[in-house]
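Everything below concerns the one structure shown next.
The values are calculated or read from the model by the stated rules, or taken from the named source; none is laboratory data. From a predicted model like this one, the values you see are computed outputs, not experimental measurements. Every residue, glycine among them, receives a Cβ derived from its backbone with ideal geometry; neighbour counts consider all protein chains shown. Heads up: the accessible areas ignore ligands, DNA and RNA and are worked out on the full protein's heavy atoms, side chains in. Shrake-Rupley method; radii C 1.70, N 1.55, O 1.52, S 1.80 Å.
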Amino acid sequence: MRTKIVGHGFFVPENIVTNFDLEKIMDTSNEWIVERSGIHERRFIVPDGDVSTSDLAVKASQKALEMAGLKADDIDLIIAATLSPDFFFPGIGVLIQSKLACKAIPAFDLRQQCCGFIYGLQMADLFIKSGVYKTILLVGAEVQSPGLDKTTRGRDISVLFGDGAGAFILQNSDDGSDILGSKLYSDGRYYDQLWLEYPLTKKTGRISCEDIEAGRHHPKMNGRNVFRHAITKIPEVVFEILKEHQLTVQDIAMVVPHQANQRITEAVAQRLGLPMEKVYSNIAKYGNTTAATVPIAFHEAWEAGLFKRGDLVVTTSFGSGFTWGANLIRY
Ligand code: UT7
């Protein structure tokens, strides 16, 4: 059994928010954001409108289905990676199932933050190879924007994130395409280095007015520590998966990394000994869309002709948890 990515696609909201727009609402500058992160603009949904995470996921899924030449009814499992589900519960998997009008199938959410898609790809691969499911929809989707602290207090994190979704359709195939392997890791000692603490499950009412005033319902990050770990762990896991398959970086057509910071991507390329042309980056346009960065970047790199059927591609990520990992794909 082999696992083929038979379709992929993405969707981002139309609403572009530039660094200059952020300058108007907090003490930041286009210069700082570009220099420290490489981000020029990101997409935000229209707040308080009728579009949420599952809607972005549905649009991305429809594009992936179209490329695969399949219908929603062909899907027999949905895996949805997100840290920003429409509701606290249920997750977006079931909402996607209903909005796509799929038949009654299993659908679940994966809470692995920036690594959600990397984790989901291993699960999808093993489900296909075990023969349990034949056609899997794997989606990464996020609506971060309404939850960010868009004041100077939250500027270190809120300038980095954006909204978006990306999707893969996976099926069994014998034409040479395959997910050759995945390596996944976590180290929960660092759970509070990039997290959203509130609403807090054990607390009566989950959140108080004081908690909101203190901004505890906004994500928080120890940026320097996350940065340091990301530029170490990503190259480590990429080298590891290549070694396991008796390959070197020279065999790889494209590395598609999580888009967290242009400086992280450049450090990863340098540590891997690869030119930037072989390590895809689109952070300038979308910022960090968390679980959606990898499928969005994957689709864009393919669309730009940077890899084709038969080529080897590595997808890799590092993020909250800490979690990190890589997938080795014969596209
Ligand atoms: O997707 C999950 C993974 N996430 C990541 O991988 C993100 C990892 N971390 C990073 O990308 C970087 O650490 C940041 C982009 C978050 C920050 O870059 P940095 O070079 O580590 O800056 P810093 O946090 O050390 O802050 C430098 C200065 C500080 O001022 P002082 O203390 O030197 O006076 C900050 O207060 O920049 C200040 N600063 C800002 N200034 C203008 C922080 N945020 C901003 C801002 N605009 N938005």
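Structural remarks
- Just one of the numbered conditions (1) within 30 Å of ILE169 (Cβ to Cβ); (2) within 12 Å of the ligand (Cβ to nearest atom) is not true of ILE179: (2).
- When residues in segment 293-329 are screened for being of a type in the set (Val, Ile, Thr), closer than 15 Å to LYS278 by Cβ and in contact with a helix residue (DSSP H, G or I) (Cβ under 7 Å, 6 or more places away or on another chain), 3 of them pass.
- Checking each residue of segment 13-27 against the condition of being closer than 30 Å to ASP74 by Cβ, away from the ligand (no atom under 16 Å from the Cβ) and in contact with a Gly (Cβ under 6 Å, 6 or more places away or on another chain) gives no match.
- Filtered residues of segment 52-76 (kept if within 21 Å of GLY91 (Cα to Cα) and open to solvent by 60 Å² or more (accessible area, probe 1.4 Å)): LYS59, GLN62, ASP73
- VAL279 closer than 18 Å to VAL238 by Cα and away from the ligand (no atom under 16 Å from the Cβ): no
- In segment 154-212, the residue that is nearest to PHE88 (Cα to Cα) out of those that are of a type in the set (Lys, Arg), more than 20 Å from the chain's Cα centre (by Cα) and not assigned by TED's automatic domain parsing to the domain that holds GLY131 is ARG206.
- Per-region count, segment 30-51, residues of a type outside the set (Lys, Arg), in contact with a helix residue (DSSP H, G or I) (Cβ under 8 Å, 6 or more places away or on another chain) and surrounded by 15 or more Cβ atoms within 10 Å (Cβ to Cβ): 9
- Answer residue from segment 238-271, given it is among the charged types (D, E, K, R) and either in contact (Cβ under 8 Å) with a residue 40 or more places away in the chain or surrounded by 18 or more Cβ atoms within 10 Å (Cβ to Cβ) (or both) and is farthest from GLU300 (Cα to Cα) among those: GLU244
- If the condition is being small (Gly, Ala, Ser) and open to solvent by less than 40 Å² (accessible area, probe 1.4 Å), then segment 89-126 contributes GLY91, GLY93, ALA107, GLY116, GLY120, ALA124.
- Which numbered condition ASP192 misses (of (1) more than 22 Å from ASP125 (Cβ to Cβ); (2) assigned to a loop (DSSP other than H, G, I, E, B); (3) open to solvent by less than 70 Å² (accessible area, probe 1.4 Å); (4) out of contact with any helix residue (DSSP H, G or I) (no Cβ under 6 Å at 6 or more places or on another chain)): (2)
- Selection status of TYR191, under 16 Å from SER317 (Cβ atoms) and either of a type in the set (Phe, Trp, Tyr) or free of Cβ contacts under 8 Å to residues at least 60 places away in the same chain (or both): no
- LEU126 outside the structural domain of ASP187 (by TED's automatic domain parsing) and not in a loop (DSSP other than H, G, I, E, B): yes
- Qualifying residue in segment 214-232 (condition: open to solvent by less than 90 Å² (accessible area, probe 1.4 Å), basic (Lys, Arg) and more than 16 Å from the ligand (Cβ to nearest atom)): no
- Screening segment 307-322 for residues that are touching an Asp or Glu at 6+ places or on another chain (Cβ under 8 Å) and over 15 Å from VAL249 (Cβ atoms) and picking the one that is least open to solvent (accessible area, probe 1.4 Å) gives PHE322.
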